[in-house]
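One structure is given here, and the rest of the page talks about it.
The values are calculated or read from the model by the stated rules, or taken from the named source; none is laboratory data. All of these numbers come straight from a predicted model, not from anything done at the bench. Backbone-built Cβ (ideal geometry, glycine too); neighbour counts: all protein chains shown.
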């Protein structure tokens with residue numbers, strides 16, 4: 001029994017010794033040491049700042065916008081007249097939603113410039129543009145992207161609210177909206193004609209109205 005107690009005491013002493021040794025062994029030199037911290041003062045550099053200036057002309061790879069046609073709607077300063085990407089059905093659907101959210105209150109659901117803001121809202125010195133007037137029907141797609149991005153007249157810029165892709169989606173929908181108001185059944189691919197006839201009260205479904 002005595003021998004067993006001695007073993008216990010010896011074990012306790014060893015344990016205490018290891019614990020004390022670990023306390024002295026774990027010092028803070030590794031994390032408390034001279035080093036440069038962001039936004040802190042520094043005597044190493046001439047301007048006295050720990051943060052270094054970025055090299056001239058450096059651009060984050062996540063924000064490199066070297067495609068002027070896509071990001072500015074222009075090439076060599078001229079407005080682009082073709083979309084700088086392939087338009088998909090998903091983009092058109094997104095464009096419809098975004099147009100209704102950001103544009104229809106002024107330009108109207110059909111783009112006739114008679115939205116609710118024009119009807120009952122602000123006392124505008126100039127009514128919102130009718131997107132079906134000849135000047136805008138002939139305008140290049142870059143024009144719409146530029147106006148949506150930077151604003152025009154009383155229209156405020158939307159670049160801070162909509163990313164580049166979303167702005168282009170609205171442009172795509174606007175061009176489809178323009179085409180729809182002067183469209184003909186002959187413009188519709190044969191494979192989609194059945195969808196028009198399936199829509200109640202549509203021009204195609206109404207047998208009393210002939211195709212243009």
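Listing for the model above:
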quantity: Hits in region 122-137 (condition: modelled with pLDDT of 90 or more and exposed (fewer than 10 other Cβ atoms within 10 Å of the Cβ)); calculated: 134, 135
quantity: Some residue of region 47-57 being closer than 27 Å to residue 173 by Cβ and in a loop (DSSP other than H, G, I, E, B); calculated: no
quantity: Enumeration of residues in region 130-166 that are under 17 Å from the mean Cα position of the chain (by Cα) and under 18 Å from residue 110 (Cα atoms); calculated: 144, 148
quantity: Qualifying residue in region 147-154 (condition: under 20 Å from residue 101 (Cα atoms), at pLDDT 95 or above and touching a strand residue (DSSP E or B) at 6+ places or on another chain (Cβ under 9 Å)); calculated: yes
quantity: Where a residue in region 78-92 is at positive phi and exposed (fewer than 11 other Cβ atoms within 10 Å of the Cβ) and its partner, wherever it lies, is at pLDDT 95 or above and not in a loop (DSSP other than H, G, I, E, B), with Cβ under 8 Å and at least six apart; calculated: none
quantity: Members of region 58-78 that are in contact with a helix residue (DSSP H, G or I) (Cβ under 7 Å, 6 or more places away or on another chain) and assigned to a loop (DSSP other than H, G, I, E, B); calculated: 65, 73
quantity: Filter result for residue 147 (without any contact (Cβ under 8 Å) to a residue 12 or more places away in the chain and crowded, with 18+ Cβ neighbours inside 10 Å); calculated: yes
quantity: Pairs, first under 30 Å from residue 163 (Cα atoms) in region 39-65, second modelled with pLDDT of 80 or more and surrounded by 10 or more Cβ atoms within 10 Å (Cβ to Cβ), C-beta under 8 Å, six or more apart; calculated: 65/71
